[in-house]
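The values are calculated or read from the model by the stated rules, or taken from the named source; none is laboratory data. All of these numbers come straight from a predicted model, not from anything done at the bench. Cβ: placed from backbone, ideal geometry, glycine included. Neighbour counts: every protein chain shown.
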Amino acid sequence: MRVNKIGVVGAIVMAVFFVLPAYGADVAKIGVVDFQKVLTESEAGKSVQTEMQTKGRDMEKSLKALGSEIESLTDQMSREAMVMSKEKREEKQRELEIKKYDFQTLQKKFQTKFRELEAANVAKLQKEIFDIAGKIGKEGGYLLIIEKSAAVYYPEAIDITGTIIEKYNKQYGGSK
């Protein structure tokens, strides 16, 4: 009987040692961030979008001006082709070909410049957003914060995008 009591007490003690730590363990806190949403809804993201649109319009104006010039040269050549001498026609044709080449070169240059500028701005914003997410993670005791595109499924309750946008807007407003 005494052995039975020792066995029961031992079982209870073992259960207490194994069960109590489970109740005291921290719950793994996980957060999800929608980077694209932060880019489109934060003040800094909106500012970068506006800047990019302005630069894009400026580039487009330059291209349109050159395109109009090419069009007018083409029209002029077709109107005056019959009255021009062969040398003059060849000279105008060369001039037109040079303008077309310049147009294509400028277009490629603008596209490259625009992509580089966009990549630099997105990288800068991404670094700032990830820094804020890191601070939130440390302060909030998060085990893991991932980008939404990396998650197959997540409950809306762990989405911290709104919090990041708020903190980013405060930070951006203070650094203007």
Quick one: what pairs do we get from segment 107-129, first residue within 14 Å of LYS46 (Cα to Cα), second among the small types (Gly, Ala, Ser) and in a helix (DSSP H, G or I), C-beta under 8 Å, 6+ apart or different chains? LEU125/ALA44; LEU125/GLY45
Just to be sure, is GLU91 surrounded by 12 or more Cβ atoms within 10 Å (Cβ to Cβ), more than 31 Å from the chain's Cα centre (by Cα), among the acidic types (Asp, Glu) and modelled with pLDDT under 90? yes
Just give me the residues in segment 1-55 being modelled with pLDDT of 90 or more and aliphatic (A, V, I, L, M), in sequence order. ILE30, VAL32, VAL33, VAL38, LEU39, ALA44, VAL48, MET52
Look through TYR142, TYR101, TYR153 and report the one residue that is hydroxyl-bearing (Ser, Thr, Tyr), without any contact (Cβ under 8 Å) to a residue 24 or more places away in the chain and farther than 30 Å from LYS61 by Cα. TYR153
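Go through segment 150-176 and report how many residues are within 18 Å of GLY45 (Cβ to Cβ), of a type outside the set (A, V, I, L, M, F, W, C) and at pLDDT 90 or above.
9
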